[in-house]
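Structure first, then comments.
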């Protein structure tokens, strides 16, 4: 990823006028993901938080290690395109009950490879594979306070509680898969 700047241990931003991303870039992200503070890293192809379109390539360390606290985004739809790996995209109601589980995978997996979540919808991604890479798009500008973290889910820094929550999510996802 020699065409980008490292903003911190988890975020890289492109320096190209017309950004491009190839397999080598995604591979570098995947290799860096386990060292990310939350076991993920991202390459932003937008130049600034104020840009009207926010586009990112995100890699996750999988194997049950990466926890994404459920959240919603005020006034912003978000789309996700899976490049590599498998996960369940999980939607919740306002009190934390699972309402839908969407199996995700790359184009060749036979699973859904694209998902668009409407604004103000509680959601998370439960990673199933050893590693995962996605392309995410949302509208800008990026305003930290537009992301609301689920009060019924543990903080990402509370690793034991996060692991228990992910174990519960796996059971819920399995029940949804079997119609239970």
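Values in this text are rule-based calculations from the coordinates and carry no lab data. As the structure is a computational prediction, the values presented were derived from the model and not from experiment. Positions of Cβ are generated from backbone atoms using ideal geometry, with glycine treated the same way; all protein chains shown enter the neighbour counts.
So here's what we get for this one:
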item: Mean separation of Cα contacts under 8 Å, 6 or more apart, over the residue count of segment 4-177: relative contact order %; result: 25
item: FRET efficiency, residue 177 to residue 157 (Cβ-Cβ, R0 30 Å, nearest 0.05); result: 0.50
item: Helix-only mean residue ellipticity at 222 nm for the chain, each DSSP H run of n ≥ 4 adding -39500 (n - 2.57), per residue, nearest 500; result: -5000 deg cm²/dmol
item: Degrees, to the nearest 10: 159-177 long Cα axis against longest axis of the chain; result: 70
item: Rg ratio (alpha-carbon, reference 2.2 N^0.38 Å) - segment 58-107; result: 1.25
item: Approximate spin-label separation residue 145-residue 31, in nm, with each point projected 7 Å along Cα-to-Cβ; result: 4.1
item: Kirkwood hydrodynamic radius over Cα pairs of segment 81-146, then Stokes diffusion coefficient at 20 °C and 1.002 mPa s, in µm²/s; result: 167
item: DSSP bridge pairs, the chain: antiparallel proportion in percent, nearest 5; result: 90
item: Between 0 and 90°, nearest 10: helix 23-32 axis offset from the chain longest Cα axis; result: 60
item: Peptide ranges 57-63, 83-89, 69-75 listed from the most packed, as the mean C-beta count within 10 angstrom indicates; result: 57-63, 83-89, 69-75
item: Separation of alpha-carbon centers, segment 112-162 and segment 31-75, rounded to whole Å; result: 8
